[in-house]
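Enquirer: Have a look at this one before I ask anything.
Quick note: the coordinates plus some simple rules give every number you see, no bench work behind them. Bear in mind that the values here come from a model prediction, so they are computed numbers and not experimental data. Glycine gets a Cβ as well: all are built from the backbone with ideal geometry, and neighbour counts include every protein chain shown.
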Amino acid sequence: MKNSKQSGKARVGGVKHLVCRPAVFAAVLAVSFVGFLRPASAQVVYSGDAGGFTLSAGGAVTGEKVGYGAQKLLGATAWVDADTRRRIGVEAEAHWMIFHQTNEEHATLWLAGPRYHFTRDRLQFYGKGLAGLGQFNYPYNYATGSYFVVAGGGGVDYRWKHRISIRGDVEYQYWPQFTYGAMSSYGVSVGAAYHIF
């Protein structure tokens, strides 16, 4: 790691130095979700679970406790959900944990992966398994790093209007290749989504 005075900001970590275990974990998680796609015989399909495709996008306010330095950050989250009505879908999300900084420490994450959902009246419950890239800015702008991140979580959407839902979400993030040892973070988000179709 180079001194930040010599090269502006030092780069630490790096996606190219990943070990296989996190990638294998993410692959196993994805394969297990794909297993749900197998059609079940001799079962009645409820009208809410019949074939079809939905797309929604939303945003939320997020509070997160970051493992490094036990910092509590505030930020914004945006997501896009592409769901089948057979309870399987895909979620892509981005987190900008850039507010409530006490020493310039902040993080940005880009994650995607499968999700499983089911609906009861106006409520849709879901679980998700995601993987992607996390960019971390160390305290006092000393250095930045890019890391592989896996995350799991879930929550509930309340269908408030025909095209608008209110979402509560919890998420656990694991940074296995963090420079100073594996790091965990926890986050809670509250926001709203617009159902495009």
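Enquirer: Give me the Å³ per residue figure for the convex hull around the C-alpha atoms of the stretch 127-197.
Expert: 115 Å³
Enquirer: When all alpha-carbon pairs of the stretch 119-162 are counted, what percent fall beyond 11 Å?
Expert: 73 percent
Enquirer: Also, quick follow-up: Using θ = phi - 60° and the Karplus curve 6.51 cos²θ - 1.76 cosθ + 1.60, what whole-Hz ³J(HN,Hα) does each residue of the stretch 99-114 get, with Gly and Pro shown as x?
Expert: Karplus values, whole Hz, x for Gly and Pro: 10, 6, 6, 9, 8, 6, 6, 7, 8, 10, 10, 10, 10, 7, x, x.
Enquirer: Additional query: What does the convex hull of the Cα atoms of the stretch 67-197 come to per residue, in Å³, rounded to a whole number?
Expert: Spelled out: Cα convex hull of the stretch 67-197, divided by residues, is 94 Å³.
Enquirer: Are there chymotrypsin sites (Phe, Trp or Tyr not before Pro) in the stretch 102-161 that DSSP puts in a loop and that have at most 14 other Cβ atoms within 10 Å, and which ones?
Expert: When the chymotrypsin sites (Phe, Trp or Tyr not before Pro) of the stretch 102-161 are filtered for loop state and at most 14 Cβ neighbours within 10 Å, TRP160 remain.
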